[in-house]
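Asks: Got a structure here, written out as structure tokens. Questions coming.
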Amino acid sequence: MFNKPVLVESLIVFTIVLCVHGVVWDRFSWCAVALAIQAFYVQFKWDRLLQQGKAVFQFRTTANSGLLPATMVIPLLGIAMKERCKAAGIVYFERFGIVVASTGMLVALFLSVIAVGITKPVPTNTCILTGVAGSIIIYTMKHSLTVSEVIEVLEVLLIFVYLSMILLYLLPRCFTPGEALLVLGGVSFVLNQLIKRSLNVIEGRGDPIDFFLLVAVVGVILLGLFFTVLFIFMDSGTWISSMFFHMMTAVLGLGVIMPWLYRLIQRNPLFWLLQFLFQTQTRVYLLVYWTFLAASACGIVFYQNAKRSSESKKHQASTITRKYFHFIVVATYVPGLIYDRQLLHVAAVLCLAVFIFLEYIRYFRIKPFGQTLRHLLSLFLDERDSGPLILTHIYLLLGMSLPVWLFPRSCAPRGTLSGAGALVPYAGVLAVGVGDTMASVFGSTMGEIKWPGTKKTFEGTMTAVFAQIIAVALILIFDSNVNLNSSYAWILVSVSLVSLLEAYTTQIDNLLLPVYLQIMLMV
């Protein structure tokens, strides 16, 4: 019944949960432990449903359900944010952290109830565990949240339910249940925050770059839903459909998204963006440098495709070739983190919007570039791209950007946290850009001792840990804002646990690892 790699993965997640609550123990700790225990049991019910093909939707089949590691991400992130903002005395964001934790617990519990409900025969013990965990969570929420906060949590849950039914039907085999929980749970929370802030606009309140993130994410997703419904009734590959696609993109962008953003930031979005991007000479230098790196990445894609066309046998990009993009992303993010984090924040949002828009063009075969993109990107497909969408490059961007976007700036005096928390914005660089890349390169070329039940090697994991420690030392040298205050042991434990998780998880590591490292560093 029990799969050994899944057991080890679960043990690592339990260890992270206990480490976090060993530092931060409060009433939510009981909820988190209860949630983790019930998610562990429900995870195997989901795995059985996937193996038997009895899940409600079609999920990615090359991985396990991943319910436990995904379940704990949002609650732990909210708890860590709550503690940081409580220590800084920022009550508003302390309450916000509580809402994030409560929302993550309730959404994860809902996904567990679905698995228990469709499992035949009904698993009695798992039902009891789920009921106990749900009772603890609801009791704690009753005594911790105000009425308006409870309504907000229920709103996110309602959005998650409808969004899941729509996107999991439209995008079969793109997600595992755990990945769906992470991605759709995050999108649901972002959409609810945008609606809430749009209805309660106060001039001068809020940071424009935060509003820019919310509007950009929701805008491109609504754009995709609109065209998905539209192209049910017409062929998307014709020139007429393609012209209509570009025209409606301009109409929706200029007629809906821009006015929406204008209402939130109270100024012309285009003028604000141009002024922001070219405000200082440092930003101009960074933009020129990033343009050069983007051109280099495009050059790699064209070169590898030319190499494929010149060979008689079918050619697929190797693991090492795909890791070239990890090196480019590290070279992109590190200067931004050192010299101008706000610019990096906005640039990453723009890049995400462009990536998703190009994926729409590829998926719908929009002329003149749709078929070309299909041909170019097919070279870099792996087993995780089993659905109609190619998401691995978007996950890489998200993994690097989430620690930057989720960094609690309002709760950080002088723009940085103390101790290990100073490394929080670097979590994506460390976990994905350095750790995952080094583990993959050295593990595939020199690794001989495999971790039991996996293809990952002991040498690759150890290399990942050492590489991240070296990267931390380099960050200390080049970034004067980072002061670790002798928290070296906690950093070593954090990168070691996340590296072990990389060795055993079958989920999208680009998405999972940075957030777990951010949680460990933030507490």
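Asks: Looking at the range 165-180, which of its residues are under 15 Å from L111 (Cα atoms) and touching a residue at least 60 places away in the same chain (Cβ under 8 Å)?
Replies: Answer for the range 165-180, where residues must be under 15 Å from L111 (Cα atoms) and touching a residue at least 60 places away in the same chain (Cβ under 8 Å): L168, F175, T176, P177, G178, E179, A180.
Asks: Okay, moving on. So, in the range 49-67, of the ones that are in a loop (DSSP other than H, G, I, E, B) and farther than 17 Å from G387 by Cα, which residue ends up most open to solvent (accessible area, probe 1.4 Å)? First the steps, then the outcome.
Replies: We begin by selecting, within the range 49-67, every residue in a loop (DSSP other than H, G, I, E, B); these are 53-66.
Those left that are additionally farther than 17 Å from G387 by Cα: 54, 66.
Values: K54: 120, G66: 1 Å².
Here the answer is K54.
Asks: Here are the criteria: (1) of a type outside the set (S, T, N, Q); (2) over 18 Å from the mean Cα position of the chain (by Cα); (3) not assigned by the TED database to the domain that holds T62. Tell me which single one A216 does not satisfy.
Replies: In the conditions (1) of a type outside the set (S, T, N, Q); (2) over 18 Å from the mean Cα position of the chain (by Cα); (3) not assigned by the TED database to the domain that holds T62, A216 misses (2) alone.
Asks: Can F28 be described as assigned by the TED database to the domain that holds S144, open to solvent by less than 70 Å² (accessible area, probe 1.4 Å), touching a residue at least 60 places away in the same chain (Cβ under 8 Å) and not in a helix (DSSP H, G or I)?
Replies: Values: assigned by the TED database to the domain that holds S144: yes; open to solvent by less than 70 Å² (accessible area, probe 1.4 Å): yes; touching a residue at least 60 places away in the same chain (Cβ under 8 Å): yes; not in a helix (DSSP H, G or I): no.
Criteria not met by F28.
Asks: Among the candidates S135, S144, which residue alone is in contact (Cβ under 8 Å) with a residue 60 or more places away in the chain, closer than 14 Å to C31 by Cβ and among the polar types (S, T, N, Q)? Write out each step before concluding.
Replies: Details: S135 fails: in contact (Cβ under 8 Å) with a residue 60 or more places away in the chain.
Result: S144 is the single residue among S135, S144 that is in contact (Cβ under 8 Å) with a residue 60 or more places away in the chain, closer than 14 Å to C31 by Cβ and among the polar types (S, T, N, Q).
Asks: Here is a further query. Working only within the range 470-492, note down all residues that are among the aromatic types (F, W, Y) and in contact (Cβ under 8 Å) with a residue 12 or more places away in the chain. Before the answer, list the steps.
Replies: From the range 470-492, those among the aromatic types (F, W, Y) are 478, 488, 490; that's our starting set.
The answer is F478, W490.
Asks: With the requirement that a residue be under 29 Å from M243 (Cα atoms) and among the basic types (K, R), what does the range 336-370 give you?
Replies: Residues satisfying the conditions are R362, R365, K367.
Asks: Another question, if that's okay. Suppose we filter the range 72-89 for residues that are open to solvent by 10 Å² or more (accessible area, probe 1.4 Å) and over 21 Å from A412 (Cα atoms); how many remain?
Replies: 0
Asks: Restrict the check to the range 122-144 and report whether at least one residue is assigned to a loop (DSSP other than H, G, I, E, B) and surrounded by 14 or more Cβ atoms within 10 Å (Cβ to Cβ). Lay out the reasoning, then the answer.
Replies: Let us first name the residues in the range 122-144 that are assigned to a loop (DSSP other than H, G, I, E, B), namely 122-123.
With the extra rule that they be surrounded by 14 or more Cβ atoms within 10 Å (Cβ to Cβ), the set shrinks to 123.
The answer is yes, given that some residue of the range 122-144 is assigned to a loop (DSSP other than H, G, I, E, B) and surrounded by 14 or more Cβ atoms within 10 Å (Cβ to Cβ).
Asks: Within the range 68-93, track down each residue that is touching a residue at least 40 places away in the same chain (Cβ under 8 Å) and not in a helix (DSSP H, G or I).
Replies: M72, I90
Asks: On to the next question. Does any residue of the range 231-245 turn out to be at pLDDT 90 or above, surrounded by fewer than 17 Cβ atoms within 10 Å (Cβ to Cβ), not assigned by the TED database to the domain that holds I98 and not small (G, A, S)?
Replies: Checking the range 231-245: at least one residue is at pLDDT 90 or above, surrounded by fewer than 17 Cβ atoms within 10 Å (Cβ to Cβ), not assigned by the TED database to the domain that holds I98 and not small (G, A, S).
Asks: Among what's in the range 460-493 and is farther than 30 Å from F59 by Cβ and of a type in the set (S, T, Y), pick the residue that is nearest to the chain's Cα centre (by Cα). Step through it out loud before you land on a result.
Replies: Here is the first cut: in the range 460-493, the ones farther than 30 Å from F59 by Cβ are 462-463, 465-493.
With the extra rule that they be of a type in the set (S, T, Y), the set shrinks to 463, 480, 486-488.
Working: T463: 24, S480: 28, S486: 29, S487: 26, Y488: 26 Å.
The residue in question is T463.
Asks: Report yes if some residue within the range 342-360 is open to solvent by 40 Å² or more (accessible area, probe 1.4 Å), in a helix (DSSP H, G or I), free of Cβ contacts under 8 Å to residues at least 24 places away in the same chain and out of contact with any Gly (no Cβ under 9 Å at 6 or more places or on another chain); otherwise report no. Step through it out loud before you land on a result.
Replies: Pass one, the range 342-360, residues open to solvent by 40 Å² or more (accessible area, probe 1.4 Å): 342, 350-351, 354-355, 357-358.
After this cut, where a residue has to be in a helix (DSSP H, G or I) as well, the list is 342, 350-351, 354-355, 357-358.
From what's left, free of Cβ contacts under 8 Å to residues at least 24 places away in the same chain: 354, 358.
After this cut, where a residue has to be out of contact with any Gly (no Cβ under 9 Å at 6 or more places or on another chain) as well, the list is 354, 358.
Yes, the range 342-360 contains at least one residue that is open to solvent by 40 Å² or more (accessible area, probe 1.4 Å), in a helix (DSSP H, G or I), free of Cβ contacts under 8 Å to residues at least 24 places away in the same chain and out of contact with any Gly (no Cβ under 9 Å at 6 or more places or on another chain).
Asks: Next up: Would you mind listing the helices (runs of 4 or more DSSP H) fully within the range 417-523 where at least 3 residues are modelled with pLDDT of 85 or more and open to solvent by 60 Å² or more (accessible area, probe 1.4 Å)?
Replies: Working: elements: 437-446, 458-478, 488-504, 509-522.
Result: 458-478, 488-504.
Asks: Could you check the range 177-271 for helices (runs of 4 or more DSSP H) lying wholly inside it with 1 or more residues that are basic (K, R)? First the steps, then the outcome.
Replies: Working: elements: 177-199, 208-230, 239-252, 258-265.
So the answer is 177-199, 258-265.
Asks: Restricting to the range 378-400, name every residue that is touching a residue at least 60 places away in the same chain (Cβ under 8 Å) and within 17 Å of V187 (Cβ to Cβ). Let's see the steps before the verdict.
Replies: In the first step, residues of the range 378-400 are kept if they are touching a residue at least 60 places away in the same chain (Cβ under 8 Å); the result is 379-384, 386-389, 391-393, 395-400.
G387, L389, L391, Y395, L397, L398, G399 - these are the residues of the range 378-400 that are touching a residue at least 60 places away in the same chain (Cβ under 8 Å) and within 17 Å of V187 (Cβ to Cβ).
Asks: I've got another one for you. Considering only residues that are closer than 21 Å to P69 by Cα and open to solvent by 20 Å² or more (accessible area, probe 1.4 Å), look in the range 90-110 and name the one that is modelled with the highest pLDDT.
Replies: Of everything passing the filter in the range 90-110, L106 is modelled with the highest pLDDT.
The values are calculated or read from the model by the stated rules, or taken from the named source; none is laboratory data. None of the values given here were measured: they were computed from a predicted structure. Glycine also receives a Cβ, built like all others from the backbone with ideal geometry; neighbour counts cover every protein chain displayed. The accessibility values were calculated without ligands, DNA or RNA, using every heavy atom of the protein model including side chains. Shrake-Rupley method; radii C 1.70, N 1.55, O 1.52, S 1.80 Å.
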